[in-house]
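Below is one structure, written out as structure tokens; comments come after it.
Coordinate-derived values only; no laboratory data. Everything numeric in this text was worked out from a predicted model, so none of it was measured. FYI the Cβ positions are ideal-geometry reconstructions off the backbone, even for glycines, and counts take in every protein chain you see.
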Amino acid sequence: MLNKTEIVLLLSTAFFLVACDRKPKETVIEANTKPNIENIADEIIVGSETDSKGNVLEYAFNNTKCTANFKLYGETIEMTCDTMASGSHYKNEHYNYSQWHGKTTITKDSKVIFEAGEEIMPK
């Protein structure tokens with residue numbers, strides 16, 4: 001028959017073998033494979049202005065991309081933001097658009113080609 005020490009040794013060995021047979025619990029962390037990208041729609045403002053001679057300026061301002069497209073005298077003119085100060089200012093190599101206090105002006109190579117509205121000073 002087994003004595004007390006042998007029983008303790010036998011049980012300890014059995015517990016040890018059972019404990020070694022079990023694998024440690026693994027923690028699985030799933031990676032987010034989708035990039036966190038927001039789809040932001042462009043803020044576009046469209047409209048038109050007419051000068052005193054009846055010439056029509058059509059415009060589309062893309063405030064998200066800071067660009068503008070103008071259609072004047074059958075020509076489409078693309079410009080980018082010049083400054084973000086008082087009023088609106090867009091330009092490219094030849095053209096310059098400004099709108100300030102109700103007056104719109106477009107110049108081509110420093111010559112005024114379109115003016116509409118009247119300057120309204122704030123009160």
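Do the conditions hold for GLY102, that is, is it closer than 18 Å to THR64 by Cα, small (Gly, Ala, Ser) and without any contact (Cβ under 8 Å) to a residue 60 or more places away in the chain?
Taking the combined requirement at face value, the residue does not satisfy it.
So the check is Cβ under 6 Å with 6+ separation or different chains; which pairs have a first residue in the stretch 106-120 that's in contact (Cβ under 8 Å) with a residue 24 or more places away in the chain and over 14 Å from GLU58 (Cα atoms) and a second one that's surrounded by fewer than 17 Cβ atoms within 10 Å (Cβ to Cβ) and of a type outside the set (S, T, N, Q)?
Going by the 6 Å Cβ cut-off, the qualifying pairs are GLY117/GLY102; GLY117/LYS103.
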